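Novice: Next up is a structure, given as structure tokens.
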Amino acid sequence: MFSRRRFLTHSCGLGVAAATASTTALTLGLTRSVSASTADGYKALVCILLAGGNDSYNMLLPYDQDQYDEYTKIRSDLALEHDSLLPLSNQSEDGRSYALHPGFDEVRQIYEARDLAFIANVGTLLEPTDADAIRAGSARVPIGLGSHSDQIAQWQSVISYNRTSSYGWGGRMADLIDPNPASGLSMNISLSGTNLFQTGSHVSPYTIYYQGDGANTVWSFPQFWSNGINVHNVVRDLLGVDHDNMLRREYARRLQGAMDNRDTVVNTLRSSPEFETSFSDNYFSAALKQIARVIGGRHTLGQNRQTFFLQFGGWDHHEGVLDYQALMLPIVSKGLDEFRSALQELGEFGNVTTFTISDFARTLTSNGKGSDHGWGGHHMVMGGDVRGGELYGTYPELSQSSPLDIGRGVYVPTMAVEPYFAELALWFGVERGNLDEVLPAIRKFYSPSSSDAPVGFLV
């Protein structure tokens, strides 16, 4: 048993100098002292990273016969059977029809309900280009193409010309919008630990857990002794001592803030309504449920802007791509449907936009067992403000002589990540005059002063 005597001995000097804060405490977002104002109403962005490089040409694929035939020629043993596909009801502007992976039944239903859209052939770019320019050596391309670490970092930082970016575009938004929330809790909440997307110069993500009350107590200390004394109150009394040593003062300040934020998270989750929606028993659905719980209890925080980050890994399918996607894509599909239902229960579905990112797509050609690292790929956006039931961007015409193919069915993106994220940032409340601060290279692909939307998938 952890006795009072042992506790006081263990916490001598500073009182808690040797006590280690939980992971949640260590990832506490320290914020500026002046709060920025935001527009009225609540909005949240939920970023889902499909880490490893999702083979999105088997997630969203051509259904009309001539393009499907080209698809089967290029994909060979990776091609899905035409009869197994889930066709989408509408056609693109060029008359093409598309279908989804057979494990995406819920996603198809959400799409047909016009609550979800697909964004075609998105990727990191330094400038608009094509395969001919790349082969001729006249095109500038992002560093580290095909590298997991480089491409994940570039999707999150939106800086593709070096490896030194310390901040992500979600963090830059938080720096502008709400650097010092009244609750003390960062507006950027992560279900997957510290990440670049939510890290700004002043705001860092606050990590919560996908189970339970979302935040741990101070590591190794129970909340109560056997005699009923509240350990946390004792710790707070010790932290209230005025120390001459600067390091002790700062440590005490940070640990006190971590404890306060832990209590804030627990109170927020406990104040959320119970859902009638039943969530599946897996990490992805459990994490989305925890996000919904935070949103359900958001009035406790008094915040009107939040971002959430969730990483769902395991998509690096150099072999077994068909088998793995048959297992994993239904998890994504079911989880998104459950999340949508829970948000609708809360009356918040129109205030939340969920979107996917991934390192890259994969080669359309087979390596004999699976697919390898590609470039441009397809993504999903879901929400009540999404102009759903549509495909945005340009789905490449599949051909063994495609002008976008730089080899092995690695297609050059026809949409940069900047317009994709600019649409989300503007919806979130970033002013057009501040888009350059959030997305430094936006003017390469879109003029912030334009009266047109960057892409058009949000109202």
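The values are calculated or read from the model by the stated rules, or taken from the named source; none is laboratory data. Since the model is a prediction, treat every value here as computed from it, not as a measurement. Neighbour counts are summed over all protein chains in view; Cβ atoms, including those assigned to glycine, are modelled from backbone coordinates with ideal geometry. Accessible surface areas use protein heavy atoms only, side chains included; no ligands, DNA or RNA. Shrake-Rupley method; radii C 1.70, N 1.55, O 1.52, S 1.80 Å.
Novice: Please find, within region 444-459, the residue that is nearest to the chain's Cα centre (by Cα) out of those that are closer than 15 Å to Trp169 by Cβ and without any contact (Cβ under 8 Å) to a residue 60 or more places away in the chain.
Specialist: Only one residue tops the list, namely Pro454.
Novice: Filter region 171-213 for residues that are small (Gly, Ala, Ser) and surrounded by fewer than 24 Cβ atoms within 10 Å (Cβ to Cβ) and give the result.
Specialist: To start, the set of residues in region 171-213 that are small (Gly, Ala, Ser) comprises 171, 174, 182-184, 186, 190, 192-193, 200-201, 204, 212.
Within region 171-213, Ala182, Ser183, Gly184, Ser192, Gly193, Ser201, Ser204, Gly212 qualify.
Novice: Return yes when Thr277 is β-branched (Val, Ile, Thr), modelled with pLDDT of 95 or more and surrounded by fewer than 20 Cβ atoms within 10 Å (Cβ to Cβ) and no when it is not. It would help to see each step written out before you state the result.
Specialist: Values: β-branched (Val, Ile, Thr): yes; modelled with pLDDT of 95 or more: yes; surrounded by fewer than 20 Cβ atoms within 10 Å (Cβ to Cβ): yes.
In short, yes.
Novice: Still on this structure: Condition check: under 30 Å from Ser183 (Cβ atoms), open to solvent by less than 10 Å² (accessible area, probe 1.4 Å) and at pLDDT below 95. Does Leu14 satisfy that?
Specialist: On the way: under 30 Å from Ser183 (Cβ atoms): yes; open to solvent by less than 10 Å² (accessible area, probe 1.4 Å): yes; at pLDDT below 95: yes.
Judged against the criteria, Leu14 is a match.
Novice: Can you tell me which condition Ser449 does not meet? The list is (1) within 25 Å of Ser201 (Cα to Cα); (2) among the small types (Gly, Ala, Ser); (3) not in a helix (DSSP H, G or I), and all the others hold.
Specialist: The single condition Ser449 does not satisfy is (1).
Novice: Which residues, counting only those in region 280-327, are open to solvent by 10 Å² or more (accessible area, probe 1.4 Å), more than 21 Å from Gly52 (Cα to Cα), in a loop (DSSP other than H, G, I, E, B) and without any contact (Cβ under 8 Å) to a residue 60 or more places away in the chain?
Specialist: Residues satisfying the conditions are Ser280, Asp281.
Novice: Further, regarding this structure: Under 6 Å between Cβ atoms, which residue pairs at least 6 apart in sequence (or on different chains) link something in region 72-90 that is touching a residue at least 60 places away in the same chain (Cβ under 8 Å) with a partner that is among the small types (Gly, Ala, Ser) and surrounded by 11 or more Cβ atoms within 10 Å (Cβ to Cβ)?
Specialist: Ile74/Gly409; Ser76/Ser366; Asp77/Ser366; Leu78/Ser366
Novice: While we're here: Quick one: in region 114-143, of everything that is part of a loop (DSSP other than H, G, I, E, B) and free of Cβ contacts under 8 Å to residues at least 24 places away in the same chain, which residue is most open to solvent (accessible area, probe 1.4 Å)? Before the answer, list the steps.
Specialist: First, pick out the residues of region 114-143 that are part of a loop (DSSP other than H, G, I, E, B): 114-115, 124-130, 137-143.
Right, trim to free of Cβ contacts under 8 Å to residues at least 24 places away in the same chain and you get 137-143.
Details: Gly137: 63, Ser138: 85, Ala139: 22, Arg140: 117, Val141: 52, Pro142: 7, Ile143: 44 Å².
Applying the filter and picking the extreme gives Arg140.
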